[in-house]
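Notes follow the structure.
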Amino acid sequence: MAGLILALETSCDDTCAAVLDGPRVLANTISSQAAAHAQFGGVVPEVASRHHLELATPVVEAALSEAGATLDDVGSVAVTAGPGLIGALLVGVSTAKAIAAPRRLPLIPVDHLQGHVAANFLDPEPLEPPFLCLLASGGHTLLAAVRGHAGHEVLGQTLDDAAGEAFDKVARLLSLGYPGGPALEKLAREGDPAAFEMPVAMSRDPGLDFSFSGLKTALVYLCRDLGPDGVSERRADLAASFQAAAVGQLVAKLERALKGGGWQAVALGGGVAANGPLRGAVREACERNGAALKLVGLELCTDNAAMIGSAARFAEPIPYPGYLAYDAFATPKRAA
Ligand code: KG4
Ligand code: ZN
């Protein structure tokens, strides 16, 4: 089994490790810290770093054990180098170095966003480029042109909040707890998506960028005008109206990109890709435009280390000792 990839992902609040044999995932272990952050209504960077410190070694051990492997079987160590919370990333990068260096294994730093794209390259039925990829999570919202395995081009991205961040903030307004996306989707099933008129962001903008802060602010004002009793009476309608507007914007931009680029295939990634109405609307947009749709399992949509291992297969390994001073990066690295 020599030559396995051991991958780590600690860019936000999930401590993740995976073991891959080429495109085959042997283990994909995730320890979610959501409960630790719920009391704060969002991810607290300092709390996340401390939890990663405690969880990194047990999660790596659990992944190796599930894969039926030991460190002797590992040929390279992949790790998310950024973007993300810098303190959280540093724990992953240091752990990866500490595993790789004593064994003189190469280290493969991976861009987190390319990781989401590369989730589509895994078995079974890997998706071959070219394809258009919509990534929407708590930290990012972007449309990526994927023309090869080693990178992607950002065609458009959010100019303010990420889509998942907007779901989480509106969920908080509606007292739904954290993370709010799944709870908001559930509540919205009982509501009328046309109950409240929502601002349609960026509709006149010819580009492919997104904006979610206006939508969030509209909800803040609506809740203020309705008052606490009105809000609790109309919670489901508020959730449904917000969700319809957020999904509408994501799909409108995706469809604009589809039409403009003549893409034959579309993939979805990020935690918001778990949203049922979004999946349904994207499927319809693909059918309208004659494009195939690839939906990976939810465990590969949300943050995970299997996607990092997948991206690592097409990234540049750094041989020992070249990576000892390698640093994590908080904000996206873009080619000049
Ligand atoms: O990719 P992810 O696990 O972590 C990062 O943010 O990178 O995405 C988490 C985000 C959260 O904002 C969460 O509320 C959102 O994805 N989310 C959803 C749903 N499930 C998770 N948003 C809408 N509907 C869902 N069903
Ligand atoms: Zn992510």
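The values are calculated or read from the model by the stated rules, or taken from the named source; none is laboratory data. Since this is a predicted model, take the numbers as computed values, not measurements. Counting neighbours? That spans all protein chains shown, and the Cβs are built from the backbone with ideal geometry, glycine included. Just so you know, the surface numbers come from the protein's heavy atoms only, side chains and all, with ligands and any DNA or RNA stripped out. Shrake-Rupley method; radii C 1.70, N 1.55, O 1.52, S 1.80 Å.
Backbone N atoms of region 11-48 closer than 19 Å to the 7 Å Cα→Cβ label point of Leu298 belong to residues 13-16, 28-36, 38. Sorted from longest to shortest, the spans of the Cα atoms of region 128-295 along the three principal axes equal 52, 26, 26 Å. The orientation-averaged projected area of the convex hull spanned by the Cα atoms of region 264-336 comes to 7.3 nm². Placing unit charges on the Cβ atoms only, positive for Lys and Arg and negative for Asp and Glu, gives region 128-295 a dipole magnitude near 300 debye about its Cα centre. Taking every alpha-carbon pair under 8 Å whose residues sit at least 6 apart, the chain reaches a relative contact order of 24 percent.
For the chain, the alpha-carbon radius of gyration amounts to 1.00 times the rule-of-thumb value 2.2 N^0.38 Å expected for a compact globular protein. How many percent of the alpha carbon pairs in region 149-220 exceed a separation of 17 Å? Every Cα pair in region 149-220 considered, those over 17 Å come to 54 percent.
Protein-only accessible surface at a 1.4 angstrom probe places the residues Lys169, Lys333 in the order Lys333, Lys169, largest first.
Label sites at Ala34 and Thr57, each approximated as a point 7 angstrom past Cα along Cα to Cβ, lie 2.8 nm apart.
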